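All remarks here apply to the structure that follows.
The values are calculated or read from the model by the stated rules, or taken from the named source; none is laboratory data. Since we're looking at a predicted model, the values are computed, not measured. Cβ coordinates were reconstructed from backbone atoms using ideal geometry, including for glycine residues, and neighbour counts include every protein chain displayed. Heavy atoms of the whole protein, side chains included, go into the accessibility calculation; ligands, DNA and RNA do not. Shrake-Rupley method; radii C 1.70, N 1.55, O 1.52, S 1.80 Å.
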Amino acid sequence: MTAPGRPERAQLDREKLFAARMQAVRARPYLATALFALHLVESRQVPTMAVDRYWRCYASSAFVDRTPVEELAGVWVHEVSHLLRDHHGRGDRYAREHGLTGRAERLRMNIAADCEINDDAFGDGLARPEGAVDPVRLGLPSGKLMEEYLRWFRLGPRTEEYAWLDCGSGADGLERGWELGPEGAHGLSAQERDAVRFRVAQGINGRPGEAPKGWERWAEEAFHPPQPWRELLGGAIRSAVCGGGAGDDYSYGRPARRSASLPGVVLPALRRRPPRVFVVVDTSGSVSDTELGSALLEVAAITRAVGGRKDLVTVVSCDAAAQSVQPLCRAEGIALLGGGGTDLRTGFDAALRARPGPDVIVVLTDGQTPWPKARPSCRTVVGLFPRSRKANENDPDYRPDAPPSWARVVEIGAPS
Amino acid sequence: MTEKSLTAPAPTAQLDVADRLLTLLRETGTEPRPDSQLEALTLAVAADLPVLLWGEPGIGKTAALTQLADALDLPLTTVIASVHEPSDFSGLPVVGDDPARQGVPMAPPDWAVRLVRAGRGLLFLDELSTAPPAVQAALLRLVLERRIGALRLPPGVRIVAAANPRSSAADGWELSPPLANRFVHLQWVHDHEVVVRGLGGTWPRATLPRLDPEQLGEAVAFARRAVCGLLTARPALVHRLPSSEARRGGPWPSPRSWEMTLQLIAFATAAGASRDVLSLLVRGTVGDGPGLELLASLDRMDLPDPEDLLADPAGAALPERGDLRQSVLDAVVAAVRSRPERERWDAAWTLLVRAVETGAPDLVVVPAMTLASLRREDWEVPAAVERLTGVVTISGRADRAAARLAAAGSGAGR
């Protein structure tokens, strides 16, 4: 893949390209369906090879002539990866969210998408095409997503050698003049595209361990992108706080104003009882302050958003024993005490003993703790910091209990 | 300013000018444009299944409902759930002379009475998720049981509900899994291009699907075959509760939602709807994973039967798309393997030759090698196989490239 020369007047060597696809299928059997679904189109305008979002693959005859079969195999896998990873859809979304326009931004997206693909696409039976973009050469870490790379680099001297790069609208979402477009022949419809991606994902999920980690992660998330934990935690807390017995709802405690028109009938009226939220924070050594800080601020913000006043949010820090119970008056000013082993049951007890009692208990923990045997009298939301389940050296039989089924569990990931 | 305003006409005339400006603003045209989400909504409503539209406020759900009501020729009644009280849906108690003897009847609201009297109509329950929980409970009963107080909505009334997505709902509304399982969930998104063109004066006009009376029997047979075929092969898909927090409140597979899917496939087939529309409906009823599996098995149902191909290899039509063609060829070779006979083996070679002559040759490499390995000692290689030389060349080139790579150290570039 060197810069484009003058197009030669040769016919496209389809046989060479198909031999390369054959080799790509042998090296990456789990991508076979996707590779075979591509429709090959000869094009004189494309510098090397490119794809559009309808799964057509454009190839320049000059490029195919000067590139060895083993490198062409790498290019096939590279181009089909753009489509499988939905770089056009993600590129469009990113452009819309960040107000990006213009050809230069799309080139940046193409480079970022290439970084996402190339860090684990080659090797192991596939040759790296000459001049392929590499995050390390741009001074970036590998193993990240297109969106992350986009935040980290600008077009400049480092990217100059890629200025000719063009993987087509399949890589960045911008339609090119030489593409056949939605009306052209042999395009795949949205449903067909999803079906191909789904079959590939299923193939990878069905035989774990055969594909590289990057592909396994893709297959897991292809149709269920992970939702940001803030949204999930917010949803869980909101629904717990708004459930029966708390928040805005109808109650027979006082008659409605409409009762005047219906003498003798008691109608319920809308009453507001702000929810009391107790946050039990696991302050044992295994949870870091940064993790706790961001999660705690989140809980406080959500509770305020649903109408709880600050003084109705109470924080119980807890390791082996409940250490302190204090109202959350300043979000940043909570002294979190503790640091030893964990027994959250004492935290639950402290929260439930309080008068007036809590409507919701939110537990922030890494889950390395015993849980109460019985369901507490109020709703429970668990924000779980992910930990790899490690066996205890001193007690090989020790397994921390999983959060109980009566709690709503949200896995809290990296700060997003 | 002073002189002019003194001689200016009376203020009512100012309103006339405003009216003229408003008339000008309202002059918009329409253009035909395919709209998959509106088609999906039409089919689900025609099938009389409870539909839940998920969409941010202000993206044209009401406009879509107006178009739908036109297409189905039903009068539209919109009820904004968040401004009502629970008793508006469960009925207002009206006390008579002797409540102990006659009981207290629950009087329905006027729009419900009008709907029942008309016998038909489209009821749109908007803003379901911003209503207080007690109102939501009353509304769900209305959607699922079609009851308002003492009234029962007649079968000619169709109901559509709309809710904001969980992340933007103000007070954490969500459906429990059993309730979510009763709805067809449709994600309502706006198309940037449509909005811009519409504000420029041209709104889209979708041609909505019409059921073809000739197709009904066939549609039911097709739908039954599709769902039963999949569930026979994949019993684990029959019932699967949503496990993760992220999928709560969304569609999931159960015998009930599979039955709804069956209904929707029949309606989509009878209307000749595209697979894209069917995809929205099926994934909105049983969820993405099972829905995509169903669609994949529909794609396989469309493929030619290997036995038919073997019976008439000369007249065989192979699919154009490479991946589909490859699964057909694999199926043909598998059929020969399961019942190896001389004629079938020869017929399979003829098919492979046809495949090479009409499409990409690399698809044929694996089927050809497998087929060759099925040869019995007394079977002679058919003459047609000579026309597969292209396949051998390609396979050889791929082999040599792999060998070069291995010689250079397989980690080339790493």
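If I go through region B:170-229 residue by residue, how many of them are among the small types (Gly, Ala, Ser) and open to solvent by 30 Å² or more (accessible area, probe 1.4 Å)?
As a first pass, look at region B:170-229 and keep what is among the small types (Gly, Ala, Ser): B:170, B:172, B:176, B:180, B:198, B:200-201, B:206, B:217, B:219, B:221, B:223, B:226, B:229.
If we keep only those that are open to solvent by 30 Å² or more (accessible area, probe 1.4 Å) as well, we get B:170, B:176, B:200, B:217, B:221, B:229.
The number of residues fulfilling the criteria is 6.
What residue, among those in region B:74-111 that are part of a strand (DSSP E or B) and either closer than 21 Å to B:Leu122 by Cα or among the aliphatic types (A, V, I, L, M) (or both), is nearest to the other protein chains (Cβ to nearest Cβ)?
Going through region B:74-111, the residues part of a strand (DSSP E or B) turn out to be B:76-80, B:92-93, B:106-107.
Now narrow it down to the ones that are either closer than 21 Å to B:Leu122 by Cα or among the aliphatic types (A, V, I, L, M) (or both): B:76-80, B:92, B:106-107.
Values: B:Leu76: 27, B:Thr77: 22, B:Thr78: 22, B:Val79: 18, B:Ile80: 16, B:Leu92: 7, B:Met106: 11, B:Ala107: 10 Å.
Ranking the qualifying residues of region B:74-111, first place goes to B:Leu92.
With B:Asp299, B:Asp308, B:Asp346, B:Asp378 as the choices, which residue is acidic (Asp, Glu), within 11 Å of chain A (Cβ to nearest Cβ) and either in a helix (DSSP H, G or I) or over 36 Å from the mean Cα position of the chain (by Cα) (or both)? Break it down stepwise before answering.
Details: B:Asp308 fails: within 11 Å of chain A (Cβ to nearest Cβ); B:Asp346 fails: within 11 Å of chain A (Cβ to nearest Cβ); B:Asp378 fails: within 11 Å of chain A (Cβ to nearest Cβ).
After applying the criteria, what remains is B:Asp299.
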For B:Glu31, work out the one condition from (1) open to solvent by less than 60 Å² (accessible area, probe 1.4 Å); (2) modelled with pLDDT of 90 or more; (3) acidic (Asp, Glu) it doesn't fulfil. (2)
Leading residue by the ranking (nearest to the chain's Cα centre (by Cα)) among those in region B:92-127 that are open to solvent by 50 Å² or more (accessible area, probe 1.4 Å) and of a type in the set (D, E, K, R): B:Glu127
Selection within region B:61-73 - within 16 Å of B:Glu127 (Cβ to Cβ) and open to solvent by less than 30 Å² (accessible area, probe 1.4 Å): B:Lys61, B:Ala64, B:Leu65
Of residues in region A:84-101 being away from chain B (no Cβ under 14 Å) and open to solvent by less than 10 Å² (accessible area, probe 1.4 Å), the one farthest from A:Glu192 (Cα to Cα): A:Gly91
Condition first: assigned to a helix (DSSP H, G or I), closer than 20 Å to B:Gly55 by Cα and open to solvent by 20 Å² or more (accessible area, probe 1.4 Å). Now tell me which residues in region B:246-277 satisfy that. B:Ala246, B:Arg247, B:Asp276
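Here are B:Leu139, B:Leu115: which of them is touching a residue at least 40 places away in the same chain (Cβ under 8 Å), in a helix (DSSP H, G or I) and either touching an Asp or Glu at 6+ places or on another chain (Cβ under 6 Å) or farther than 30 Å from A:Glu231 by Cβ (or both)? Walk me through how you get there before you give the answer.
Numbers: B:Leu139 fails: either touching an Asp or Glu at 6+ places or on another chain (Cβ under 6 Å) or farther than 30 Å from A:Glu231 by Cβ (or both).
Within the list B:Leu139, B:Leu115, the selection yields B:Leu115.
Is it the case that B:Thr389 is more than 28 Å from B:Ser297 (Cβ to Cβ) and at the interface with chain A (Cβ under 8 Å from one of its Cβ atoms)? Break it down into steps so the answer makes sense when it comes.
Working: more than 28 Å from B:Ser297 (Cβ to Cβ): yes; at the interface with chain A (Cβ under 8 Å from one of its Cβ atoms): no.
No, not satisfied.
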For region A:102-125, enumerate the residues that are within 13 Å of chain B (Cβ to nearest Cβ) and modelled with pLDDT under 85. A:Asp119, A:Asp120, A:Ala121, A:Phe122, A:Gly123, A:Asp124, A:Gly125
Examine region A:7-23 for a residue that is open to solvent by 20 Å² or more (accessible area, probe 1.4 Å), in a loop (DSSP other than H, G, I, E, B), farther than 24 Å from A:Tyr149 by Cα and within 11 Å of chain B (Cβ to nearest Cβ), and state whether such a residue exists. yes
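Among A:Gly177, A:Gly187, A:Gly168, A:Gly173, which is crowded, with 17+ Cβ neighbours inside 10 Å, touching a residue at least 60 places away in the same chain (Cβ under 8 Å) and away from chain B (no Cβ under 14 Å)?
Numbers: A:Gly177 fails: crowded, with 17+ Cβ neighbours inside 10 Å; A:Gly187 fails: away from chain B (no Cβ under 14 Å); A:Gly173 fails: away from chain B (no Cβ under 14 Å).
Answer to the check: A:Gly168.
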For region A:191-224, enumerate the residues that are facing chain B (nearest Cβ under 9 Å) and outside any helix (DSSP H, G or I). A:Phe223, A:His224
A:Tyr54 passes all but one of (1) more than 14 Å from chain B (Cβ to nearest Cβ); (2) under 27 Å from the mean Cα position of the chain (by Cα); (3) not polar (S, T, N, Q); (4) not in a helix (DSSP H, G or I); which number fails? (1)
Across (1) open to solvent by 20 Å² or more (accessible area, probe 1.4 Å); (2) over 23 Å from A:Pro47 (Cα atoms), A:Phe153 clears everything bar (1)
Within region A:60-83, which residues are out of contact with any strand residue (DSSP E or B) (no Cβ under 8 Å at 6 or more places or on another chain) and either surrounded by fewer than 21 Cβ atoms within 10 Å (Cβ to Cβ) or over 23 Å from A:Gly131 (Cβ atoms) (or both)? A:Ala62, A:Asp65, A:Arg66, A:Pro68
Given the residues B:Glu31, B:Glu39, which is the only one that is in a strand (DSSP E or B) and more than 21 Å from B:Leu153 (Cβ to Cβ)? B:Glu31
If you scan region A:122-154, which residues turn out to be assigned to a loop (DSSP other than H, G, I, E, B) and of a type in the set (Val, Ile, Thr)? A:Val133
